[in-house]
Amino acid sequence: MMKKRTIISNIVIVFGISAVLFICVAESRHPRPTAVQCSTVEIDAMPCLQFAQGGQDKVPQTCCSGLHNLADSSTTVDDKTASCKCLAAAFQKFPTIKDEDLQKIPGLCNVTVPFPLSKNLKCDNITQFTIGY
């Protein structure tokens, strides 16, 4: 009788481990799609455009609010990478953006971004997106 319980216990353990492994493999094959939409990123970044082109002396509050919204909505590495790629595509539409002005925005808005803002964004090795206060 004792051997029968041991065999049944071992079978239950093997099935349990198999189920966990199956779920892990299934999840890794179907990653969560990113929630970041480029249209939203562009709307958040648009108020920064005039400053980034050298047309304003001061960063508008709407620019900082948009950057904070972007930081709040970019919680995973995938989200951050998607946001970066959206910004890179948006920056290409505006060749008059000045890197020196663009790079000032996070500091003036008190937001730390996981990549240096530049007309030629590099979206590899994304790390964190921390709102600084």
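Throughout, read-outs are computed from the coordinates displayed, never taken from laboratory work. The model shown is predicted, which means the values in this text are computed figures rather than measured ones. All Cβ positions, even for glycine, are placed from backbone atoms using ideal geometry, and neighbour counts span all protein chains on display.
What does the net charge come to around Lys98 if you take all other residues with beta carbon closer than 10 Å to its beta carbon, with K and R at +1 and D and E at -1? Show your work: numbers first, answer last.
Working: positive: Lys104, Lys119; negative: Asp99, Glu100, Asp101.
Net charge around Lys98: -1.
So between Met46 and Asp78, what do we pick up on full extension, going 0.36 nm a residue minus the alpha carbon distance?
Details: separation 32, 0.36 × 32 = 11.52 nm, distance 2.21 nm.
Additional length available on full extension: 9.3 nm.
In loop segments of region 28-97 as defined by DSSP, the trypsin sites (Lys or Arg not before Pro) with at most 11 further C-beta atoms inside 10 Å of their C-beta are Lys58, Lys93. Hydrodynamic radius of region 38-131 by the Kirkwood approach over all distinct alpha-carbon pairs: 12.9 Å.
If packing is taken as the average number of other Cβ atoms within 10 Å across a peptide's residues, how do 66-78, 94-106 rank, most packed first?
Working: 66-78: 17.8, 94-106: 14.7.
Top to bottom by mean Cβ count within 10 Å: 66-78, 94-106.
Give me the dipole magnitude in Debye, nearest 20, for region 38-131 about the Cα centre, with unit charges on the beta carbon: positive for Lys and Arg, negative for Asp and Glu. The partial results should precede the final answer.
Values: 8 positive and 10 negative charges, 36 e Å.
Charge dipole, region 38-131, about its Cα centre: 180 debye, nearest 20.
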